[in-house]
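Step one of this worksheet: look at the structure below.
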Amino acid sequence: MAENVTSLFRSTAAHSPSMAALTRESDGAGPVDFCIPCNPYFPTPAMFDDLAGRLREIITYYPSSADTITAELCNLLQLPPQCVAMGNGSTELITWIDHLLVRESLAIPVPTFGRWTDQPMETGKRVDMFPLQESSGFALDLAQYAEFIRARGTRVAVICNPNNPDGGFVPRQSLIQFMDAMADLDLIVIDESFLEFADAENEPSVVEDAVMRPNVIVLRSLGKNFGLHGIRFGYLVANPALAGKVRSMLPKWNLNSFAETVVFMLKEHGAEYLESLHMVRRDRLDMARQLSALPGLTVYPSQGNFLFVRLPVGAEGTVVRDRLLTEHRILVRECGNKIGSSSRFLRLVVRPQVDVRRLVSGLEQVLYGTRRGAAVPELGTGTSYSSGTAAVDRLVGETNGAGVPGLAAQAAAMPSLAPAPAPVQNPYPAQSPYPTPAPAAMPAPAPVPAPAMPAPAPMPYAAPAAAMPGMAPAPTAPMPGMAPAPAAGLAAVAQTGMPGLASAAQNNRRGMGAAQGLTAAQVRGRTQPEPTPEPTGWPAAGAMYNQVG
């Protein structure tokens, strides 16, 4: 039975077998899921009972058209319908973005969500992969990313915020500067699929900024935030021309009746949704604290609903994954098949504290041999990348993941990387740190300077009082009344893996283990204590374009 279960990882085309497949091979009981990153607190049990009571009607009849469902979602989120396109999961929207809007090349920091690397390569585009450095805590330096894009001549740029799998977060003002500096690109995509779980800023979303720009798309998720991955629904926001181009290609019934039922239920459950986000943030802090106490385990600060961890020396991720599953019935995401990562890394989804205690106990036994055997052996330097698509694997293998030449004629002769500019001491200087576009391109507007703020002292761990049992519903915005995190807290970091790019500043996002400790400020990006929340109803009410996705 154990061999049947672990063999599913070798036979699936995805990064992990589905929960349905694991359940079929496990006598009808699935494992505790630390792999699939969705909200464990929403929908509520009462909402699930409501859905169960409507099951016959839901699966019997056609859903309404996508326009009808989109209009209801836009009414809830206070978004103009002409700026929105809803899809059957974010992967459907990524596919259409690639087919319709990516002509020759796309840049993406790695490691990241696999469809952003694999989808364009499958259609013959050049993918320029900007490696996030382990030595810098996988932090994204936007100035160096912009320099990389200019040097490669890339036409489309993607940023995932927070990034999957490491949870790295970029402040909104920094993203606005980047969008302005890259205004001549064909397209900029900001993937905010996990932004609802962030609490580093009051209003971290750039949705409102995207609708005013001709070349920006913001991608949002519903399944992850609402704990309903199986329904497959998400949406993008852009100016009416961009959104309409994607929307015109989508099938009339690309959204199913479950999606329609949930969207029309949401207006009655805003308070429960807010509370669920608050509880995930609380659990993320506690889970990071517990994991960082394990000897040799490194935990990277995250603003997503997951934590990126590096296993101790001598541990190999696939062995840890298989033993956790077969010996402890715990499913984790081993990241050896993510470009830019290796099998030394796991992504662990934030779950309730009772499940985390089970995970920590299982890791102790597997890693340190407290119950059986010794620490798991390291099989080699890392597992090879596998996207599940043979053509993509071949292309990545031929180029060592450095980017695949596309169909455009100019892709045959890549320009050499130019020398890096002088190190940037202030993340918001008077002069933009971003490289200027080529003379034929439209000049990028100057960024709006933000006031410098002193770096806060490390905040000791303390579970937010409002997140404990009996807590009041969470506030409308993730952190109302809180000043945005200072720019120094997300300083630019060196990308030493890219020739010609010098360090912009020292970083403070290194992973933390037991020897160094892990403070609340490092895990959450927080700058002030959490205020007492005031229940206000659905989070989008009175807050244009942000907070819900």
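Quick one: compute the contact order of region 38-121, relative version, from alpha carbon pairs under 8 angstrom and 6+ residues apart, as a percent.
Reported relative contact order: 18 percent.
Among the lysines, which have Cα under 30 Å from the Cα of residue 267 when same-chain residues fewer than 8 positions away are ignored?
Partners found: 224, 245, 252.
Based on the mean of other beta carbon atoms within 10 Å per residue, what is the order of 41-50, 306-315, most packed first?
Per-residue mean Cβ counts within 10 Å order the peptides as 306-315, 41-50.
What percentage of all Cα-Cα pairs in region 111-223 are separated by more than 18 Å?
I get 50 percent for the Cα pairs in region 111-223 exceeding 18 Å.
So how much slack lies between residue 354 and residue 78, counting 0.36 nm per residue of separation and subtracting their Cα-Cα distance, in nm?
95.7 nm
Please report the net charge: other residues with Cβ closer than 12 Å to the Cβ of residue 72, K and R +1, D and E -1.
Residues close to residue 72 contribute a combined charge of -1.
Karplus couplings for region 67-75 from phi (6.51 cos²θ - 1.76 cosθ + 1.60, θ = phi - 60°), rounded to Hz, Gly and Pro as x?
Result, ordered by residue: 4, 5, 5, 5, 4, 5, 4, 5, 4 Hz.
Counting each pair of different Cα atoms once, what's the Kirkwood radius of region 59-171 in Å, rounded to one decimal?
One over the average 1/r among Cα pairs gives 16.1 Å for region 59-171.
Rule-based calculations on the coordinates, nothing more; no lab input. Given the structure is predicted, the values throughout are model-derived calculations rather than measurements. Cβ atoms come from the backbone with ideal geometry, glycine included; neighbour counts cover every protein chain shown.
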